[in-house]
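Asks: Mind looking over this structure? Questions follow.
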Amino acid sequence: MVREWQEKAEEKAEKFGRMQQQIQQISVTESSKDGAVQVTVGSGGMLEALQLSEAASNRPMAKLGAEIMRTVQAAQAKIPEMMQQAVADTVGLEDTAAQHVLGQARKYFPEPPEDEQEPERAGHLREMQVSIEDDYEEPQRRQPPTPPQRPAAPPREQQPPTRRRPADDFDDDDFGSGSFLR
């Protein structure tokens, strides 16, 4: 009985190993409707490759970014389906652990949001495009008024030059009438 249980456990472990290998090899490539954006994501949903055609360079960056994200989400949404096939081929869809793995994949890779449809234009009508020019100018900052200038000080009276002592005539105690700083 123990031997039979051990054999079943080994068989199940081998099947789960094969399932894991198959899931790790999953890679999904998806293109935008017009083919300007092509992405490849791996089984973990990470972007593995991004290709942009020349037609993508004419789009506004915000629109191109949104289109890339939409294409990545569309590729990621296909991962649970491919994982389900790997589970069915190896472990079987009845296994509760496999069901949990698939539930997590559906949780993390849901269906992408609906594409935003651009309004269709009649063939004979031309779209008028108006460019917006930014003619706004910063208001000039006023300089604070300059303070009034002080009147020039009256000229100092000329005092006769003071006689400096020679360097060798140094007396510590006598500061005299001159500065003690020399």
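Asks: Given the conditions (1) modelled with pLDDT of 70 or more; (2) under 30 Å from Val37 (Cα atoms); (3) open to solvent by less than 50 Å² (accessible area, probe 1.4 Å); (4) part of a loop (DSSP other than H, G, I, E, B), report the number of the one that Gly92 does not fulfil.
Replies: Among (1) modelled with pLDDT of 70 or more; (2) under 30 Å from Val37 (Cα atoms); (3) open to solvent by less than 50 Å² (accessible area, probe 1.4 Å); (4) part of a loop (DSSP other than H, G, I, E, B), the lone unmet condition for Gly92 is (2).
Asks: Here is a further query. Taking the range 16-65, which residues are aliphatic (A, V, I, L, M), surrounded by 15 or more Cβ atoms within 10 Å (Cβ to Cβ) and over 22 Å from the mean Cα position of the chain (by Cα)? Steps first, please.
Replies: Applying the first criterion (aliphatic (A, V, I, L, M)) to the range 16-65 yields 19, 23, 26, 28, 36-37, 39, 41, 46-47, 49-50, 52, 55-56, 61-62, 64.
Filter again for surrounded by 15 or more Cβ atoms within 10 Å (Cβ to Cβ), leaving 19, 23, 26, 28, 36-37, 39, 41, 52, 56, 64.
Listed by number, the residues that qualify are Met19, Ile23, Ile26, Val28, Ala36.
Asks: Then there's this: So how many residues does the range 72-89 have that are closer than 26 Å to Asp34 by Cβ and either open to solvent by less than 20 Å² (accessible area, probe 1.4 Å) or not in a loop (DSSP other than H, G, I, E, B) (or both)? Break it down into steps so the answer makes sense when it comes.
Replies: Filtering the range 72-89 down to residues closer than 26 Å to Asp34 by Cβ leaves 72-79, 81-82.
In the following step, the residues that additionally are either open to solvent by less than 20 Å² (accessible area, probe 1.4 Å) or not in a loop (DSSP other than H, G, I, E, B) (or both) were identified as 72-77, 79, 81-82.
Total satisfying the criteria: 9.
Asks: Quick one: how many residues across the range 10-60 are over 25 Å from Ala105 (Cα atoms) and free of Cβ contacts under 8 Å to residues at least 12 places away in the same chain?
Replies: Of the residues in that region, 5 qualify.
The values are calculated or read from the model by the stated rules, or taken from the named source; none is laboratory data. Because the structure is predicted, anything quoted here is derived from the model rather than measured. Quick reminder, even Gly has a Cβ in these numbers, built from the backbone with ideal geometry, and neighbours come from all protein chains shown. Heavy atoms of the whole protein, side chains included, go into the accessibility calculation; ligands, DNA and RNA do not. Shrake-Rupley method; radii C 1.70, N 1.55, O 1.52, S 1.80 Å.
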